[in-house]
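The values are calculated or read from the model by the stated rules, or taken from the named source; none is laboratory data. All values reported here derive from a predicted model rather than from experimental measurement. Every residue, glycine among them, receives a Cβ derived from its backbone with ideal geometry; neighbour counts consider all protein chains shown. The accessibility values were calculated without ligands, DNA or RNA, using every heavy atom of the protein model including side chains. Shrake-Rupley method; radii C 1.70, N 1.55, O 1.52, S 1.80 Å.
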Amino acid sequence: MKEITINAKVRTELGKKSSRDLRRQGLVPSVVYGVERGSDNLPVSQSITVTEKELAKLLYTPNVYIVNLNIEGNLKKVILKELQCDPVSDRPIHVDFYQITDAPIVIEIPVKLNGLAEGVKAGGKLVLNQRKLKVKAPYTSLPDTLEIDVTSLGLGKSMKVSALSFEGLEIITSKEVVVCAVRMTRAARSAAETTTEESAE
């Protein structure tokens, strides 16, 4: 999986007023949850700030990245856990990162459909229902995309998660979820009806 580096700074002042002031400066209040556990058995967290410009490298892309978070010289390998955006401007207002180790992690990976489906040849339209699937694996085993061969997918047929398997990955998304399908179009329906009528004559 691709990796990128994002620079951050330790955040010392907390609270809503401080958060508002930071956002006015183009900074996004963030939290890194570590792998260590505190006395309350909750992950140890660290408050940081990241510039919107730095976050843009992670947010405004179809790719999923492992992030090398550089907190004033202290490097942590993390993934984006949760993103909160302003409902009006859609600008990021808070980000949660989760530190990772060699242990398996759960993350969403983009789906990529490969091949020309039989149903498309027959005039249908290939539709991608799930752009990402949730998987579990060590980060070193995570691919950039989940590549799915749709060559044999016929007209009016769909492919569920239950039909998929990837070496070294455990798919967490429900097995009943439809990943993609070939929908009947007017042209395909008309061709099918014509064929049926000709066969009946």
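The table below gives the values:
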| read-out | value |
| --- | --- |
| Relative contact order of region 1-94, pairs being alpha-carbon contacts under 8 Å that are 6 or more residues apart, as % | 34 percent |
| Cα convex hull volume per residue for region 105-148 (Å³) | 63 Å³ |
| GNM top mover of Lys17, Lys81, Lys175 - the chain, alpha-carbon springs below 10 Å | Lys17 |
| DSSP bridge orientation in the chain - percent antiparallel, rounded to nearest 5 | 75 percent |
| Acute angle (nearest 10 degrees) that the helix 186-200 long axis makes with the longest principal axis of the chain, alpha-carbon atoms | 20 degrees |
| Contact order normalised by residue count of the chain, Cα under 8 Å, 6+ apart, percent | 18 percent |
| Cys180 long-range amide H proximity, modeled H, under 5 Å | Asn129, Met159 |
| Share of carbon and sulfur in the accessible heavy-atom surface of the chain [1.4 Å probe, %] | 48 percent |
| Alpha-carbon Rg/Rh ratio, for the chain, with Rh computed the Kirkwood way | 1.14 |
| Projected area averaged over orientations for region 10-118, convex hull of C-alpha atoms, nm² | 10.4 nm² |
| Pairs from Lys57/Lys121; Lys53/Lys160; Lys53/Lys112; Lys53/Lys81 whose Cα-Cα separation, in the structure shown, is over 30 Å | Lys57/Lys121; Lys53/Lys160 |
| Amide proton proximity set for Arg11, modelled H, under 5 Å, gap of 5+ | Ser47, Ile48, Thr49 |
| Computed E for Thr12/Ser89 - FRET, C-beta separation, R0 25 angstrom, nearest 0.05 | 0.40 |
